[in-house]
2 protein chains.
Amino acid sequence: MAPLISAKTRPVRLADIAKAAGVSHGTASNVFARPEIVREEVRERVKAAAEAMGYGGPDPKGRLLRAGKVNAIGVATAEPLSYFFEDPFARVMMASISQACDATGAGISLVSAANNEQLAWNIQSALVDGFIVFCVDGGSKLVELARERKLPFVALDLDSDDDDAVAAIGVDNIAGAGLAARHLTELGHRRFAVLALPVADSGFGPTTREQMEKALYSGTRDRLRGYFAELSRVDIDVERVPIYETVNDEESVWAGLDHIFAGAETPTAILAMSDRMALHALDWLRKHDISVPGDVSVVGFDGVPEGAVSKPPLTTIVQPIAEMGRLAVKAILENDGSFSRQSLPVELVVRASSGPSPA
Amino acid sequence: MAPLISAKTRPVRLADIAKAAGVSHGTASNVFARPEIVREEVRERVKAAAEAMGYGGPDPKGRLLRAGKVNAIGVATAEPLSYFFEDPFARVMMASISQACDATGAGISLVSAANNEQLAWNIQSALVDGFIVFCVDGGSKLVELARERKLPFVALDLDSDDDDAVAAIGVDNIAGAGLAARHLTELGHRRFAVLALPVADSGFGPTTREQMEKALYSGTRDRLRGYFAELSRVDIDVERVPIYETVNDEESVWAGLDHIFAGAETPTAILAMSDRMALHALDWLRKHDISVPGDVSVVGFDGVPEGAVSKPPLTTIVQPIAEMGRLAVKAILENDGSFSRQSLPVELVVRASSGPSPA
DNA sequence: CACTTTCGTTGGATCGGTTCAAATTTTGAC
DNA sequence: GTCAAAATTTGAACCGATCCAACGAAAGTG
């Protein structure tokens, strides 16, 4: 079969068809960019020449340089690209980001990389007008790289309480976590376990409060602080609350629960720092015939749609994910230099995965 | 609070720091592109100048023009951008596309538009090395636009049996649909209904076989042909099989089932042209206390992961979605002009949504 | 010390367009 | 038929880099 994609170079430029049509390149440019100001006869002649020479229209590469604006925003993460399509939180966020982009006609470039050198290069060479940075993991490095580009950028998921110089949109993780913990203490729970998000890029396993305080990712740290502040308030010895650091996937969550429920004093309440973990936990508990919320209550964090249809439906702290996405796009596109940090409210949504402490 | 994003122009160019450092722009360029060939003393001086002037590294816009390659592939659809994150089929496809891109270090640009003029402009001005075109809907227009760019592109979901000049990756829809229908006829079913994908951009409602034959989208047409070829083979009068055209969402599917089950002779088997429709159908049937597969069997098409965990799990025709994505990326990136059309095999996966015809 | 290498640097050409002030042609009015 | 106004067209400048042939200086050789 004949080749259907031409692999040959396309050396036909605007200048070529200008010459062929016997006009200046300025006029040729106008034919495509502002056809109305070119006399019809000339316009047709140029278009005919373009057609004849197989010209595919002005190359955006050229236009770009002059125009300055790419009209696309980059969305960056330290995870593999498929994260955007597989992680529930990311998906909701991306759906709202993409709606905001659609509304303004901006495109979206997904930026990521398997390894770190690639990441740097990808960020440096991304053709975008600004970045939205997903900070779930490897956040600080990403923020650093994005900042070096000197383009407008917004970090999603407030990172670092110390670094006030980066624009960020997030929620009050401490307050949210507090809400989750208080809900459970009010139900009479006294024995807790925490499923934690990554602390650093270091795999998974049981961890301690001290480790968590050193967490690279402030979201993880703040959520733990929120949990423990509330637990301490009702005189629960937080030093004895097991914390298991996961990488937010099924394997590590299940390993975590294996570990937690191997102990003598099993928890009646599980605080999961993400809905994804909470949902995996629900699966594990069902598999082990542990009733939810009869034996164990589970409270998640994020408010992804899957939580509403899980078995049982998940009690969780919902973040205004869509709103965050919308604001992020707005901050990039209407960047007037005034945007800084913005903290959005979270909300406790009680569904069926939490109930009174047994006995 | 002080502005955290500088909205000011960034007039600092490579040439500026070259002048500041007292070197030629050629040398300045080398400092960033090939630092090792520049004498250390000079390199440091240039870097210091860059730092001092707030230079964010060579602007990719400039590099791009010279280099020619964008190192990104565009993925285009006629749907809103959020389609990529919400539709199950699209998500699986995108996950595999993005994995393939990750592996080769290529970026992904999402291209779409609310309205059609925008679509054209977006395709024309997308900074990409090639396009992967989602043909589920509005396919032909998209293919046309993509082709005009004279960039390598691949259509996903074989469109149009007539147009042999476009590279495409898809499955044999006729054979797949035949498999689905045969599965049901072998279970003794005689009364069928078809939930059809869009025929044109025309909303939803009951339709006829004649309408379907004129379908703009060959996938829709071919699947119907496949269904009917098999039904005819076992002497079912296909003229009496109701066909309801949906737009692949809950509302139109439910309306379709309302319509179909309002008739005197209700079907015992539903052929859905997508898993998404089939899953919505399952919901509708459950809501109406119609047992699946006791009263009605449902067979989908696509093989999205959700089908494996639905209630009941969905019998369906699975397409090698991931493989298609991989091939598409390969076709764009290793574009040697030899790629043409490729048809991948489908497979019937029997789960619990199909069973023997009642009585 | 003259002569060839080697290393580092320079500056012009180029990528493919857009833009705009100036030049030219056309049109309209008298 | 003349002249000003309006409509088109031109061509140079520019966008921000990379590339490369040529060149100058330092190092090595006989």
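Across the stretch B:21-44, what is the number of residues that are within 21 Å of A:Ala120 (Cα to Cα), out of contact with any Pro (no Cβ under 6 Å at 6 or more places or on another chain) and within 11 Å of DNA strand D (Cβ to nearest atom)?
Residues in the stretch B:21-44 being within 21 Å of A:Ala120 (Cα to Cα), out of contact with any Pro (no Cβ under 6 Å at 6 or more places or on another chain) and within 11 Å of DNA strand D (Cβ to nearest atom): 6 in total.
Yes or no, residue by residue, for (1) at positive phi; (2) in contact with a Ser or Thr (Cβ under 8 Å, 6 or more places away or on another chain); (3) surrounded by 23 or more Cβ atoms within 10 Å (Cβ to Cβ); (4) of a type in the set (Gly, Ala, Ser):
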| position | (1), (2), (3), (4) |
| --- | --- |
| B:Leu184 | no, yes, yes, no |
| B:Leu187 | no, yes, no, no |
| B:Phe204 | no, yes, no, no |
| B:Thr207 | no, no, no, no |
| B:Gly226 | no, no, yes, yes |
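Give, as residue ranges, the helices (runs of 4 or more DSSP H) completely inside the stretch A:57-120 that count at least 2 residues that are within 16 Å of DNA strand D (Cβ to nearest atom) and in contact (Cβ under 8 Å) with a residue 40 or more places away in the chain.
By residue number, A:60-67.
When you scan the stretch B:10-20, how many residues do you find that are more than 7 Å from DNA strand D (Cβ to nearest atom) and either within 14 Å of another protein chain (Cβ to nearest Cβ) or in a loop (DSSP other than H, G, I, E, B) (or both)?
Summing the residues that are more than 7 Å from DNA strand D (Cβ to nearest atom) and either within 14 Å of another protein chain (Cβ to nearest Cβ) or in a loop (DSSP other than H, G, I, E, B) (or both) in the stretch B:10-20 gives 4.
Quick one: which strands (runs of 3 or more DSSP E) lie wholly within the stretch B:194-280 and hold at least 3 residues that are farther than 22 Å from B:Pro356 by Cβ?
Because the criterion is at least 3 residues that are farther than 22 Å from B:Pro356 by Cβ, the strands (runs of 3 or more DSSP E) in the stretch B:194-280 that meet it are B:205-207, B:243-245.
Yes or no: A:Ile97 open to solvent by less than 40 Å² (accessible area, probe 1.4 Å) and either more than 7 Å from chain B (Cβ to nearest Cβ) or charged (D, E, K, R) (or both)?
Yes; evaluated as a whole, the condition is true for this residue.
Can you tell me which residue in the stretch B:59-84 is modelled with the lowest pLDDT, limited to those that are open to solvent by less than 40 Å² (accessible area, probe 1.4 Å) and either within 13 Å of DNA strand C (Cβ to nearest atom) or out of contact with any helix residue (DSSP H, G or I) (no Cβ under 7 Å at 6 or more places or on another chain) (or both)?
Applying the filter and picking the extreme gives B:Gly68.
Can you find, within the stretch A:85-94, the residue that is farthest from the other protein chains (Cβ to nearest Cβ) among those that are more than 17 Å from B:Ser98 (Cα to Cα) and open to solvent by 10 Å² or more (accessible area, probe 1.4 Å)?
Selected residue: A:Phe89.
I'd like to know if the stretch B:112-119 contains one or more residues that are crowded, with 22+ Cβ neighbours inside 10 Å, of a type outside the set (D, E, K, R) and out of contact with any Phe, Trp or Tyr (no Cβ under 6 Å at 6 or more places or on another chain). Working first, answer last.
Keep residues of the stretch B:112-119 that are crowded, with 22+ Cβ neighbours inside 10 Å, which gives B:112.
From what's left, of a type outside the set (D, E, K, R): B:112.
Retained after the next criterion (residues that are out of contact with any Phe, Trp or Tyr (no Cβ under 6 Å at 6 or more places or on another chain)): B:112.
Yes; the residues of the stretch B:112-119 include at least one that is crowded, with 22+ Cβ neighbours inside 10 Å, of a type outside the set (D, E, K, R) and out of contact with any Phe, Trp or Tyr (no Cβ under 6 Å at 6 or more places or on another chain).
Inside the stretch B:19-58, can you point out the residues that are more than 8 Å from DNA strand C (Cβ to nearest atom) and on the phi > 0 side of the Ramachandran plot?
Passing the criteria: B:Gly54, B:Gly57.
Which members of the stretch B:321-339 meet the condition of being part of a loop (DSSP other than H, G, I, E, B) and surrounded by fewer than 17 Cβ atoms within 10 Å (Cβ to Cβ)?
Result: B:Glu334, B:Asp336, B:Gly337, B:Ser338.
Select, from A:Ala2, A:Ala52, A:Ala33, A:Ala48, the only residue that is surrounded by fewer than 18 Cβ atoms within 10 Å (Cβ to Cβ), at pLDDT below 90 and among the small types (Gly, Ala, Ser).
Step by step, each of A:Ala2, A:Ala52, A:Ala33, A:Ala48 is checked, and only A:Ala2 is surrounded by fewer than 18 Cβ atoms within 10 Å (Cβ to Cβ), at pLDDT below 90 and among the small types (Gly, Ala, Ser).
Return the pairs, sorted by first residue and then second, in which the second residue is away from DNA strand C (no atom under 13 Å from the Cβ), the first residue lies in the stretch B:41-53 and is more than 16 Å from B:Ser29 (Cβ to Cβ), the beta carbons are less than 8 Å apart, and the residues are 6+ apart or on different chains.
none
Name, by its number, the condition in (1) facing chain B (nearest Cβ under 7 Å); (2) surrounded by 20 or more Cβ atoms within 10 Å (Cβ to Cβ) that does not hold for A:Glu148.
Here A:Glu148 meets the rest and fails (2).
The values are calculated or read from the model by the stated rules, or taken from the named source; none is laboratory data. None of the values given here were measured: they were computed from a predicted structure. As a convention, Cβ positions derive from the backbone with ideal geometry for all residues, glycine included, and neighbour counts pool all protein chains shown. Quick note on the areas: whole protein, heavy atoms, side chains included, nothing else; ligands and nucleic acids left out. Shrake-Rupley method; radii C 1.70, N 1.55, O 1.52, S 1.80 Å.
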